[in-house]
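These notes are about the structure you will find just below.
The values are calculated or read from the model by the stated rules, or taken from the named source; none is laboratory data. Source: prediction; values computed, not measured. Positions of Cβ are generated from backbone atoms using ideal geometry, with glycine treated the same way; all protein chains shown enter the neighbour counts.
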Amino acid sequence: MKRFIICIVTLAAICSSQALMGASLSVKAPKSVELASQSVEPYSIQISCKGEEVEITPSAEWFGVSSGIKRLASKTNHIIKIWAEPNFSTSERSAVLTLKGLTSGKVREIIISQPPYLKVIKDGFPMRMEAQKYDTEQWQAKGVSSPKGSSALFSAVNVSGNTLTMTNERGATIAGMGAGDYYLFAVPVTKVEAGEQFDFMCTMTAMQPTAPKYWIFEYWDCGQWKSLESTLRTAEEDSSIRYSFYNKHLRSAHNTTFAQTFHISQPIENGCVKVRLRALTAGEGKVKLTGSSKYISMQLLRYNNSPKAIDNKRMLFIGNSFTYFYGTPFMFKEIARSEGHQVDIVVSVKGGQEFCEHLELERSREAIMQGGFDYAFLQDTSPNAAKYADTQDIAIINACREINNLTMQHSPSCQIIYEHTWGCPYDDYRGYGSYERLERLLEQGAKMLAEQLSEYNIIVSPIGKGFTTGREQNLKLLHSDNRHQSREGAYMKACINYLLIYKQPFTQSVSDCGVKAQTAQIIRDIAEHVVLAK
C-alpha cells in the first residue's frame, strides 16, 4: 500500500521573541508562512505564548488548524498544523491566522500565502471521473489528479490531522479520513452565469467499520461552502448531525449512491466550480470512491445549454449490476434534466440481488422507506422473469408482492415500474439455449408478473426489446463479459425508461451521456420506436 504522505515540515527558523501583547503576554511565532499550491501535507509551525491563553482564528475557509484547535494554553512550544486545500486558481491568495490574547485582547497576525496551482483556465465540463483512470502516482506525489482527457481536478484535504494513506483499489481509496477531512473536486470554467444548475453524482463505500459514517455534500458559492439545508437529514443517534448521506460499513458490502442538484448564485469567471464530500463523524477506516470499468465513481455535470426545468419528480431505483453498470440511474437523471425535467433520485444497487434479498438489505429498505416517490424502478435479478414464465415459481411472485407492499406503504401514490431486461449469451443463454427463447421468456415473465399483480398497476419497461433491436442493428450493447450492459447498453436502458415516463420524443438538447454522438442518436431512435411506436 502506498502512503498519501502527510509529513510534518518543521519551520526552519522561528522568529525571535517579541513582546507583542504587552507585558502580560509574550509570543514566538513566524511572521508569515507560504504553503504549497497543492498543499500535500499540513504545515507545522511552532508557537509559544506566556502569560495568558491565546485564541486562534483563521480568516478564510480555504485553510485552518488541524484537529479543529481554537485555543492554546499559556505555555511554550506548541506545535500546530496548518492545513489548506489546493489553490485551484491562477492567482496567489493570502489570508491571516490571528493569535489573540484572551485576557489582554491584543493580537498577533501570521500571514498565510499560497501560490496558484493553475497556469491557465481550460473549461472542464462535462466531468466524468472514472476511478480506473486516476493517475495514482500523480495523486500520491502531488495530492492532485485529473482524469485523462479532462482539465477537472480531484484531491483529498486533510483537516483532521490524521495520517492518510492512498491506494487505488478499484477506486480512489483513502485510509485514515477523520471528521472534517474531505474529497475535493474542481472543474475549471471560463464563465458561469448566476443561477446555473449542476448535478453531482457519486458512488462511495465504507471498506472498514471504523470509516466515518455521516457525510455532507457542499459547494463553493459566494466565498463560502454551502449545503442544501432542505435536503439534509438528521442522524437518529445524534440530532445535532445534519447529513447528506451515510456511508456505513456493512457486513455484506453495499455501496452508497448519492446524487445532488445545486445551483451557483454568484457568477464565476476564470475560476472553478468546486464541490466537496466532507466527513462529519470521526473515523480512521478506509473510504473508497468506487470505480472500475463498471462503476462511474463521480460526475459533475453542467446544464447551461438545457431548457429550464418545468417539473420535478422523485424517483427510486432498486436493482443490481444490470442497474449499476455505467451508472444507468445517473444517465436517466442527466437525460431528464437536459430535456427540461428535474429528477431527484434515490438509488440502492447491489450485484446479483433478487427482490427477496433486497428486502433483507439495510440500505435497500432504508432507500424505499425514505418514501415520497413518484416512480419506483424495480429490477429483479434478470433471469427471474424468464424463470417465472418457465416454472411459475411462487417464491418469485411472493417477493414481488412484498417489495411492492413496502414501496406503496411509504409512497402510496407511487407508480411501480418493472424492468423487462435483455437476453445475453452468458451461460448458454441463461440455460435456455438461444437468444430467441430467452428473450421470449423474459418478456413473457415480466408481463405475467405485472398482470398477476394487477392491484399494483405495474408498468413494464420494454428495455429488452430495445436490446433485441440494437443487436439486430449490430450495436454493441453488451459489456465484454457478454452479460451486462455496455455504456451504450446503459444509455439504451436510460432512454427507454425516460420515454416511458415523459412520453415525448427527444429534442436536440438531449445529452449523449458520454456515448459517441452518432451511436447515441441511433439508440434514441430505437428507444422512440420501442416506446412511442415511431
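So that you can scan it fast, the table gives a plain yes or no per residue for (1) polar (S, T, N, Q); (2) more than 17 Å from the chain's Cα centre (by Cα):
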{"position": "Lys286", "(1), (2)": "no, no"}
{"position": "Lys294", "(1), (2)": "no, no"}
{"position": "Asn304", "(1), (2)": "yes, yes"}
{"position": "Asn312", "(1), (2)": "yes, yes"}
{"position": "Ile318", "(1), (2)": "no, yes"}
{"position": "Phe332", "(1), (2)": "no, no"}
{"position": "Arg337", "(1), (2)": "no, yes"}
{"position": "Val346", "(1), (2)": "no, no"}
{"position": "Met369", "(1), (2)": "no, yes"}
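Of the residues making up the range 352-363, one or more are at pLDDT below 95 and either at positive phi or of a type in the set (Val, Ile, Thr) (or both). Taking the range 342-362, which residues are surrounded by fewer than 17 Cβ atoms within 10 Å (Cβ to Cβ) and either among the small types (Gly, Ala, Ser) or without any contact (Cβ under 8 Å) to a residue 24 or more places away in the chain (or both)? Passing the criteria: Gly352, Glu357, Glu360. His254 meets the conditions (1) under 18 Å from Leu184 (Cα atoms); (2) surrounded by fewer than 21 Cβ atoms within 10 Å (Cβ to Cβ); (3) touching a residue at least 60 places away in the same chain (Cβ under 8 Å); (4) not basic (Lys, Arg) in every case but one. The failed one is (1).
Summed over the range 68-92, residues that are of a type outside the set (A, V, I, L, M, F, W, C), surrounded by 17 or more Cβ atoms within 10 Å (Cβ to Cβ) and either part of a strand (DSSP E or B) or in contact (Cβ under 8 Å) with a residue 60 or more places away in the chain (or both) total 5. Of the strands (runs of 3 or more DSSP E) lying entirely inside the range 204-293, those containing at least 3 residues that are within 26 Å of Thr328 (Cα to Cα) and among the basic types (Lys, Arg) are 268-279. No other residue among Thr281, Thr323 is surrounded by fewer than 21 Cβ atoms within 10 Å (Cβ to Cβ), of a type in the set (Val, Ile, Thr) and more than 15 Å from the chain's Cα centre (by Cα) apart from Thr281. Of note, Ser104 does not satisfy the criterion of being within 16 Å of Pro42 (Cα to Cα) and either out of contact with any strand residue (DSSP E or B) (no Cβ under 9 Å at 6 or more places or on another chain) or assigned to a helix (DSSP H, G or I) (or both).
Does Ser338 qualify as being touching a residue at least 24 places away in the same chain (Cβ under 8 Å), buried (at least 17 other Cβ atoms within 10 Å of the Cβ), more than 23 Å from Ala446 (Cα to Cα) and of a type in the set (Gly, Ala, Ser)? Spelling it out, Ser338 is indeed touching a residue at least 24 places away in the same chain (Cβ under 8 Å), buried (at least 17 other Cβ atoms within 10 Å of the Cβ), more than 23 Å from Ala446 (Cα to Cα) and of a type in the set (Gly, Ala, Ser).
Any idea which residue in the range 408-462 is surrounded by the most Cβ atoms within 10 Å (Cβ to Cβ), counting only those that are part of a loop (DSSP other than H, G, I, E, B) and at positive phi? Please lay out each step first, then the result.
The initial filter retains those residues of the range 408-462 that are part of a loop (DSSP other than H, G, I, E, B), namely 411-414, 420-425, 431-434, 453, 457-458, 462.
Remaining after also requiring at positive phi: 431, 433, 457.
On the way: Gly431: 12, Gly433: 10, Asn457: 9.
Among them, the one singled out is Gly431.
Residues that are within 23 Å of Ala395 (Cβ to Cβ) and among the basic types (Lys, Arg) occur at least once in the range 443-466. When restricted to residues that are of a type in the set (D, E, K, R) and either within 35 Å of the chain's Cα centre (by Cα) or buried (at least 17 other Cβ atoms within 10 Å of the Cβ) (or both), the range 35-56 contains 2. Could you tell me which numbered condition Gly64 fails, if it satisfies all but one of (1) modelled with pLDDT of 75 or more; (2) over 29 Å from the mean Cα position of the chain (by Cα); (3) not polar (S, T, N, Q)? Tallying (1) modelled with pLDDT of 75 or more; (2) over 29 Å from the mean Cα position of the chain (by Cα); (3) not polar (S, T, N, Q), Gly64 fails exactly one: (2).
Selection over the range 185-199 of residues that are surrounded by fewer than 21 Cβ atoms within 10 Å (Cβ to Cβ) and within 23 Å of Gly143 (Cβ to Cβ) gives a count of 0.
Residues to consider are Glu402, Glu439; find the one that is within 26 Å of Val347 (Cα to Cα) and of a type in the set (Asp, Glu).
Working: Glu439 fails: within 26 Å of Val347 (Cα to Cα).
None of the other options fit; the residue is Glu402.
Within the range 160-175, the set of residues being among the β-branched types (Val, Ile, Thr) and part of a loop (DSSP other than H, G, I, E, B) comprises just one member, Thr163. Selection of first residues in the range 194-207 that are free of Cβ contacts under 8 Å to residues at least 24 places away in the same chain and of second residues that are surrounded by 24 or more Cβ atoms within 10 Å (Cβ to Cβ) and outside any strand (DSSP E or B), restricted to Cβ pairs under 6 Å at least 6 apart or on distinct chains, gives an empty result.
Screening Ser480 on (1) touching a Ser or Thr at 6+ places or on another chain (Cβ under 6 Å); (2) modelled with pLDDT under 95 shows it passes everything except condition (1). Residues of the range 294-342 that are part of a loop (DSSP other than H, G, I, E, B) and among the basic types (Lys, Arg): Lys294, Lys308.
The residues in the range 369-407 that are part of a loop (DSSP other than H, G, I, E, B), at pLDDT 95 or above and small (Gly, Ala, Ser) can be counted, and the count is 2. Each residue in the range 66-116 was checked for being touching an Asp or Glu at 6+ places or on another chain (Cβ under 7 Å) and charged (D, E, K, R), and 3 pass.
Can you find even one residue in the range 366-379 that is assigned by TED's automatic domain parsing to the domain that holds Glu451, without any contact (Cβ under 8 Å) to a residue 60 or more places away in the chain, of a type in the set (A, V, I, L, M, F, W, C) and touching a Leu at 6+ places or on another chain (Cβ under 6 Å)? Steps first, please.
To start, the set of residues in the range 366-379 that are assigned by TED's automatic domain parsing to the domain that holds Glu451 comprises 366-379.
Narrowing the set further to residues that are without any contact (Cβ under 8 Å) to a residue 60 or more places away in the chain leaves 366-373.
Okay, now just the ones that are also of a type in the set (A, V, I, L, M, F, W, C), so 367-369, 373.
This time we only want the ones that are touching a Leu at 6+ places or on another chain (Cβ under 6 Å), so: 368, 373.
Yes, the conditions are met somewhere in the range 366-379.
Among the candidates Lys465, Lys493, which residue alone is of a type outside the set (Val, Ile, Thr), buried (at least 23 other Cβ atoms within 10 Å of the Cβ) and in contact (Cβ under 8 Å) with a residue 12 or more places away in the chain? Quick ask: steps written out before the conclusion?
Working: Lys465 fails: buried (at least 23 other Cβ atoms within 10 Å of the Cβ).
Testing whether each residue is of a type outside the set (Val, Ile, Thr), buried (at least 23 other Cβ atoms within 10 Å of the Cβ) and in contact (Cβ under 8 Å) with a residue 12 or more places away in the chain leaves just Lys493.
Here is a yes/no grid of residues against (1) touching a helix residue (DSSP H, G or I) at 6+ places or on another chain (Cβ under 6 Å); (2) under 24 Å from Gly351 (Cβ atoms); (3) at pLDDT below 90:
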residue	(1), (2), (3)
Lys148	yes, no, yes
Thr163	no, no, yes
Ala172	yes, yes, yes
Phe185	no, no, no
Val189	no, no, no
Gly195	no, no, no
Asp221	no, no, no
